[in-house]
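Take a look at the structure set out below.
Nothing in this text is a laboratory measurement; each read-out follows from the coordinates by a stated rule. These figures come from a predicted structure and were not determined experimentally. Please note: Cβ atoms are built from the backbone with ideal geometry, for glycine as well, and neighbour counts cover all protein chains shown.
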């Protein structure tokens, strides 16, 4: 089993420039190839799922099977309140940028360094739907029924647009369904990778 921290995360070195999903995918592909790993089995969650979608599209030599859980990359449905918040943020930022950075955005965004905030914006604003048509590895999406971060409509879009994929929804679980119901998640994963 191989697991690593992405650059800018965990114990890896900080970034020296903002990275996109594609940058993380390219880094990961180079890392996997440097270890001589081919046709691997991939498990990825949330942001890792974004990177996995890029990796799986057009890089058939890397992965045989992929289990993506709580996978991000599908644009969220945005209502009028979101658009009003964005407009307010842009207006406030013109006159009081430091105040705007402290008061707007998710709690996760506000904890990031300025460089990681630029990466964050690049990452969350990229629609990865076009990658789905290029995925050839056997792919299983596993989502929590009550996932508020990556809701089921995103899972359904991923499944519908990824040829030959399957979707499993774990009841009464959220974005971290593998922690909330590890026995069921592990049973699904074991069966898929058998």
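A few notes on this one:
- Between 36, 134, 79, the GNM of the chain built on Cα springs shorter than 10 angstrom shows 79 fluctuating the most.
- Calculated diffusion of the range 1-125, Stokes-Einstein form, Kirkwood radius summed over Cα pairs, 4 °C and 1.567 mPa s, µm²/s: 79 µm²/s
- Hypothetical label at residue 133: residues of the range 53-76 whose amide nitrogen lies under 19 Å (7 Å Cα-Cβ projection): 53-60, 73-75
- Over the chain: helical MRE at 222 nm, DSSP H runs n ≥ 4 each giving -39500 (n - 2.57), nearest 500: -13000 deg cm²/dmol
- Tilt relative to the chain, helix 182-193 - C-alpha long axis, 0 to 90 degrees, to 10: 60 degrees
- The chain: relative contact order in percent, alpha carbon pairs under 8 Å with at least 6 residues between: 22 percent
- All Cα-Cα distances of the range 1-54, cut into 5 Å bins from zero to the largest, leave 4, 17, 30, 31, 14, 4, 0 percent in each bin in turn.
- Nitroxide proxy distance, nm - points 7 Å out along Cα→Cβ at residue 161 and residue 16: 3.5 nm
- For the range 72-194, convex hull of alpha carbons as volume per residue, Å³: 138 Å³
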